[in-house]
1. What number of residues within the stretch C:301-324 are facing chain B (nearest Cβ under 8 Å) and outside any helix (DSSP H, G or I)?
2. Restricting to the stretch A:97-126, name every residue that is away from chain B (no Cβ under 14 Å) and either touching a Gly at 6+ places or on another chain (Cβ under 9 Å) or hydroxyl-bearing (Ser, Thr, Tyr) (or both).
3. Right, residue A:198: over 18 Å from residue B:134 (Cβ atoms), touching a Pro at 6+ places or on another chain (Cβ under 6 Å) and not basic (Lys, Arg) or not?
4. Please determine, by comparing only the residues of the stretch B:281-299 that are facing chain A (nearest Cβ under 7 Å) and under 14 Å from residue D:292 (Cβ atoms), which one is surrounded by the most Cβ atoms within 10 Å (Cβ to Cβ).
5. Within the stretch D:251-262, take every residue that is among the hydrophobic types (A, V, I, L, M, F, W, C) and assigned to a loop (DSSP other than H, G, I, E, B) and give me the one that is surrounded by the most Cβ atoms within 10 Å (Cβ to Cβ).
6. Residues that are more than 26 Å from residue C:318 (Cβ to Cβ), without any contact (Cβ under 8 Å) to a residue 60 or more places away in the chain, within 9 Å of chain A (Cβ to nearest Cβ) and open to solvent by less than 30 Å² (accessible area, probe 1.4 Å): does the stretch B:227-250 have at least one?
7. Take the residues in the stretch B:207-217 that are touching a residue at least 12 places away in the same chain (Cβ under 8 Å) and assigned to a helix (DSSP H, G or I), then tell me which one is most open to solvent (accessible area, probe 1.4 Å).
4 protein chains.
Amino acid sequence: MQLGMIGLGRMGGNIVRRLLRDGHTAVVFDQNPEAVAALVAEGATGAASLEEFVSKLDVPRAAWVMLPAGAITEATVAQLGDLMQADDVIIDGGNSFYKDDIRRAATLKPKGIHYVDVGTSGGVWGLERGYCMMIGGSNDALDRLDPIFKTLAPGVGTIPKTPGREGRDTRAEEGYIHAGPSGAGHFVKMVHNGIEYGLMQAYAEGFDILKHANSKDLAEDQRFDLNIGDIAEVWRRGSVVSSWLLDLTAGALAGNEALDGFSGFVADSGEGRWTLNAAIEESVPANVLSAALYARFRSREDASYADKLLSAMRKGFGGHVEPK
Amino acid sequence: MQLGMIGLGRMGGNIVRRLLRDGHTAVVFDQNPEAVAALVAEGATGAASLEEFVSKLDVPRAAWVMLPAGAITEATVAQLGDLMQADDVIIDGGNSFYKDDIRRAATLKPKGIHYVDVGTSGGVWGLERGYCMMIGGSNDALDRLDPIFKTLAPGVGTIPKTPGREGRDTRAEEGYIHAGPSGAGHFVKMVHNGIEYGLMQAYAEGFDILKHANSKDLAEDQRFDLNIGDIAEVWRRGSVVSSWLLDLTAGALAGNEALDGFSGFVADSGEGRWTLNAAIEESVPANVLSAALYARFRSREDASYADKLLSAMRKGFGGHVEPK
Amino acid sequence: MQLGMIGLGRMGGNIVRRLLRDGHTAVVFDQNPEAVAALVAEGATGAASLEEFVSKLDVPRAAWVMLPAGAITEATVAQLGDLMQADDVIIDGGNSFYKDDIRRAATLKPKGIHYVDVGTSGGVWGLERGYCMMIGGSNDALDRLDPIFKTLAPGVGTIPKTPGREGRDTRAEEGYIHAGPSGAGHFVKMVHNGIEYGLMQAYAEGFDILKHANSKDLAEDQRFDLNIGDIAEVWRRGSVVSSWLLDLTAGALAGNEALDGFSGFVADSGEGRWTLNAAIEESVPANVLSAALYARFRSREDASYADKLLSAMRKGFGGHVEPK
Amino acid sequence: MQLGMIGLGRMGGNIVRRLLRDGHTAVVFDQNPEAVAALVAEGATGAASLEEFVSKLDVPRAAWVMLPAGAITEATVAQLGDLMQADDVIIDGGNSFYKDDIRRAATLKPKGIHYVDVGTSGGVWGLERGYCMMIGGSNDALDRLDPIFKTLAPGVGTIPKTPGREGRDTRAEEGYIHAGPSGAGHFVKMVHNGIEYGLMQAYAEGFDILKHANSKDLAEDQRFDLNIGDIAEVWRRGSVVSSWLLDLTAGALAGNEALDGFSGFVADSGEGRWTLNAAIEESVPANVLSAALYARFRSREDASYADKLLSAMRKGFGGHVEPK
């Protein structure tokens, strides 16, 4: 079937590519004409403006917005809402805040336009491996878009079936779910990223402990000369901690055990923060997910005000003057 | 080659079985004669006492101790040390504390007995999938035992090779490593389990947030009706959080999304604690791994003294009397 | 001077009392006529409706709202806005969210009505000790209300002066500050409560460790028979951890070291949550303040879904069945 | 009465001074002859060697060791044990690990020498304010030393009595307790310091949130221009978070709100670490105390290996290259 794509960055471009390879057609638009031209060369239909984009879509239209979450996505959805008509579908495949989805869906509803939010995991690997998708929206919209999702999803592949799932929704096994009404897709994706932060930090702390065990500062009975890269590699086979993140870790450590070239400055996108906000709203204790986010905050500070205040107090009660 | 095995529980028994299936031979001993008889029926040579066990082993001997960490393992290693002689090898495959390994190795060294510590991950799945092993000891001992480890390890299997590891130690790819001298194996396994706790808690908190999003207590714009089992399943394909622990989670949730039958009481073995002790010795911040362990401590308390003290303070300054 | 007070609960009533005792006058209103009558008996002027309340206030009016944060305060401020006129002042002394203050101030501004937010600490002790106040609003409004704040504040009292503050704003020493424009008062009070949670949890964890040191489960070299009440008492004198919260703790433990009668169920008001939301917005790591809030969440759950999921995973990989 | 003091640093010297001022006598020794001479000038009896020190003490002797915890204290206690005789008392007033106390007491017991461990809080303020002391040892030894402790303790002073303590051990009100047998004193002091870390970090995080609220990076409705020093000052009067640590904070911020001159590098002594080890041994969740210690660890690192590993994973799955 036909899909319109707005935003031809790494994610949007590769989604179109995966669709074209499976026989679908695409109308594409991006602020950058070169990005449009590149996909036209691969078989897509290009558009030079949002108006042209909408006019080239078959009715009822399906337009996927793949732009940075925030003001740009907000404005683009609003413009599409003006240009489109009843029974059309707007899909937000970015990382929007789920309450924004709920609001947008309510705004578009009187006009009869469907709003579908798709939380997408897979990063740069999606073109090849497929995209894991968590989708919010109406049954009608999802039924119509099903051929698109089926193509984009990884499919059952070689991953063993989960025992006990016989007779249940098979879409989950193929790599996409209908999570609920508008907002549900991005909510699930948000928690997914919150978990991702926690998993990453668990590995990071563990490998940090291993790394420090090589330190000359330790007593003899605590000091080793561990090969961090080999440890990551061995855990990939038969161990309880095997995972895709561990595969990536093993790859990063192979040949660069010191992790040279990484500054230690770690960014965070909004989902980790929103996950904590949700936990707080729900009164769910989330020490691990919080600590994972805070570690990233801390990685971006040099000398924190909090730490200086500790030193100031220590000086006050003990006359301690911190070294360094 | 021949291996002696002391302790024929689930782990020890299955290790022997995996060896026998690959053409190795085994002498086995357990306090429980029925456990011995069961493995004799599968081709092993049985022993009725530790003395008989040692006498039936070919020289130089290789004896694997697979008993609960602590007093039993300590005593058994000591007895073996008395019964065995120079060039024999004692292998501790349990979950011993790495400083105990270092001490035992030093005690056995004057007599010329090798001490090898093997951290083993794989649980009940090891017989079929193979065991991931982290090994500490001398090069001599490990070279001699290599055929054993090669059989027990999962092997390269279908797991893709890590790019950039060409020319490096291939044992890691097969699922076992020589981590360093005595103690290094259990040290790496200890951190492995610390990470495992962190990973598990990250998933647990995330799914808890998803579960609570179904709560009727929440406002409309926060409430969903999420299918937790489908979410676990979909993340298995193409998502950043896919892992073996997630596979198990999906299996546990299939058909039992409410997790009925689980009390919420969560045990912990020593490794999580020792990992934190190591982090503290090394001055490594480990908020995630700590929070994961503490969550288990907390799961085993009803009304904690700490919580009561909070209520007492609240009553003191605000006259608050807690409900319930 | 004259102050109007709406909401005559423990806080509102005692604020009026403290004002009357110092020679101020008060017009009072509450949904409960008995609460009004009680303060009329102590010298206040009563009102039977919000309209009557406003009509009895001298122009320019000063009306203090001391109601539960949320819908009731919101509605009352809105009604006052309708009834009052340019140059009047509405004071919100409750625990409102600071962004609500900013919004309300903007709404009232076109009409010329001043909005002042007062974060108040002191609880049931305020009548006697005075109230610590953090105030947001315009200079004009605060200048006019200064006699009120001066009476309500604790004053310099016997607390030693802080060296180095010579020549600085003396209001802070008397127990009230002008924190900034509308919203600033409640923002500072919010962080105050976030810190309060952290302090309380630090004591709670420490006393929990002391209490458990008396446990018969511990080895000889870890077990004591500590008198928890005496420990709290001794720390009140000359120790680095002395504080008002410790004074309250010592009082709670005196004669009830087991903390009998406390369920361990600990409530939380909104400020702790908002403090974390602010930390997250500001990218400030706040592990301690988060852990303090989460401990309260956890105190209100029996068997958490997160814990059950851990047990389910443990069963999956190790065949472990949790006891209990 | 007479006390011998070994170690005339800030703590040891001031303890002797406080004793001399109250009419006690002292024999003093230090590796540094100038430190000895200074106290001789103030009325103490000096010694040039440990042997001379012991010989000048009246029998039964009381010798207080006030040296850095670890090897120096260990060696000094051992030498005193050799030089002293039955019924003498050795007091360790430093920050020794409580299990070392238990071991030393057991070693000295056959010879009839008493071992008393004194956890001392008060820092540089002790000379003037008195020392808060937590004491472990036998009833006999403590009874004999009571005049010393009474002089060193702050005394009841102007601090209000805790209601409900009538008829209980009055030593706690004077600022010292008999916590239990040898080791109990340092155990209680250890937890005291663990709590201290938690309290300090709670303030540090809160003030960090306040400080960041002044940031130009924030949206209008989150940004203020708070006077951090005034906030610390106002909380000293009538607020729930008032404490001695807050007094010190207000002093540090007065005139140096930016905390210029502090590097943000924060040291930690052993007690915070031992407190966590104790919590782990006792299965007590201690997220706040752990986070407080870890914040200090983190303050001493620039780019942590853990953080670099996060960046490496992010690059692996998303092609993200961290800025900076």
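The values are calculated or read from the model by the stated rules, or taken from the named source; none is laboratory data. Small disclaimer: the values here were computed from a predicted structure and weren't measured. Reconstructed Cβ throughout: ideal geometry from the backbone, glycine too, with neighbour counts over all protein chains shown. What goes into the accessible areas is simple: the full protein's heavy atoms, side chains included, and nothing from ligands, DNA or RNA. Shrake-Rupley method; radii C 1.70, N 1.55, O 1.52, S 1.80 Å.
1. Of the residues in that region, 8 qualify.
2. Listed by number, the residues that qualify are A:108, A:111, A:113, A:114, A:115, A:116.
3. No, not satisfied.
4. B:291
5. D:262
6. yes
7. B:211
So that you can scan it fast, the table gives a plain yes or no per residue for (1) surrounded by fewer than 24 Cβ atoms within 10 Å (Cβ to Cβ); (2) at the interface with another protein chain (Cβ under 7 Å from one of its Cβ atoms); (3) within 17 Å of residue D:148 (Cα to Cα); (4) in contact (Cβ under 8 Å) with a residue 12 or more places away in the chain:
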position	(1), (2), (3), (4)
D:161	yes, no, no, yes
D:164	yes, yes, no, no
D:169	yes, yes, no, no
D:178	no, no, yes, yes
D:181	yes, no, no, yes
D:188	no, yes, no, yes
D:194	no, yes, no, yes
D:199	no, yes, no, yes
